[in-house]
Amino acid sequence: MEIHSHSEADTQEAAQALAKKIKAGDVLALHGDLGMGKSVFARALIRALIEKPDEEVPSPTFTLVQTYDSAQGPLYHFDCYRIEDPEEIYELGWEEALESGIIILEWPSRIAGILPTRRLDITLAPLHNNPEHRLITINRVE
Ligand SMILES: Nc1ncnc2c1ncn2[C@@H]1O[C@H](COP(=O)(O)OP(=O)(O)OP(=O)(O)O)[C@@H](O)[C@H]1O
Ligand SMILES: [Mg+2]
């Protein structure tokens, strides 16, 4: 599925629509370069999944993972940007997350070798040479 986003609000809307289709066990990998909107997308998705539109959703840039409670079970938001060795993710509760919850992952390329093959790939890319436009591609890989 492809979505043309023309604003941050469009990207948030796309995330909210996707949230309705997410269930326990889903792994969502957010691809895209710096500043493409992965965290914007993740934040809107998390707020929709935990049904708290005003919840503060800090970026896990330094903590590497933040956890939430959703109606579908625990929700894990990982940011792998600072991971140097993919094995580091095991120290962050990765296996427990895979077993019990929903995973949202920024910078999945950092742990490419251990990324589950069954996942949802979400890619944010530039569009129309416009700094506010994004092509959002969502693909379920089984
Ligand atoms: N259509 C759009 N969708 C999402 N964000 C947009 C859009 N247009 C402009 N922006 C802006 O782009 C920025 C995206 O920042 P964000 O932190 O979400 O990026 P990121 O992909 O997580 O980057 P990083 O890899 O550095 O963490 C925000 O400042 C946002 O306002
Ligand atoms: Mg980010």
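The values are calculated or read from the model by the stated rules, or taken from the named source; none is laboratory data. All values derive from a computational prediction rather than experimental measurement. Glycine also receives a Cβ, built like all others from the backbone with ideal geometry; neighbour counts cover every protein chain displayed.
Just to be sure I understand, how many residues within the stretch 19-44 are within 12 Å of ligand 1 (Cβ to nearest atom), under 12 Å from the mean Cα position of the chain (by Cα) and more than 20 Å from ILE89 (Cβ to Cβ)? Write out each step before concluding.
Quick first cut of the stretch 19-44, residues within 12 Å of ligand 1 (Cβ to nearest atom) only: 30-44.
After this cut, where a residue has to be under 12 Å from the mean Cα position of the chain (by Cα) as well, the list is 30-32, 37-44.
Remaining after also requiring more than 20 Å from ILE89 (Cβ to Cβ): 37, 40-41, 43-44.
Within the stretch 19-44, residues that are within 12 Å of ligand 1 (Cβ to nearest atom), under 12 Å from the mean Cα position of the chain (by Cα) and more than 20 Å from ILE89 (Cβ to Cβ) number 5.
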Pair list, Cβ < 6 Å and 6+ apart or interchain, from the stretch 36-54 residues that are among the basic types (Lys, Arg) to residues that are crowded, with 20+ Cβ neighbours inside 10 Å and at pLDDT 95 or above | LYS38/LEU30; LYS38/GLY32; LYS38/GLU106
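Give the residue that is surrounded by the fewest Cβ atoms within 10 Å (Cβ to Cβ), with candidates limited to residues of the stretch 77-105 that are within 15 Å of ligand 2 (Cβ to nearest atom) and more than 20 Å from MET1 (Cβ to Cβ). Give the steps one after another, and end with the answer.
First, the residues of the stretch 77-105 that are within 15 Å of ligand 2 (Cβ to nearest atom): 77-83, 104-105.
The next check asks that each one be more than 20 Å from MET1 (Cβ to Cβ); those that pass are 77-83.
Numbers: HIS77: 27, PHE78: 28, ASP79: 23, CYS80: 23, TYR81: 16, ARG82: 12, ILE83: 16.
Here the residue is ARG82.
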Take GLU99 and decide whether it is of a type in the set (Asp, Glu) and in a loop (DSSP other than H, G, I, E, B).
-> no
Considering the stretch 45-57, residues that are within 16 Å of ligand 1 (Cβ to nearest atom) and under 13 Å from the mean Cα position of the chain (by Cα), and then whichever is farthest from ARG82 (Cα to Cα), we arrive at ALA48
Would you pick out the residues in the stretch 55-93 that are among the aromatic types (Phe, Trp, Tyr) and either free of Cβ contacts under 8 Å to residues at least 12 places away in the same chain or within 23 Å of ALA17 (Cβ to Cβ) (or both)?
-> TYR68, TYR76, PHE78, TYR90
Only one of (1) within 19 Å of ILE138 (Cβ to Cβ); (2) within 14 Å of the chain's Cα centre (by Cα); (3) within 16 Å of ligand 1 (Cβ to nearest atom); (4) among the hydrophobic types (A, V, I, L, M, F, W, C) fails for ILE102. Which number is that?
-> (3)
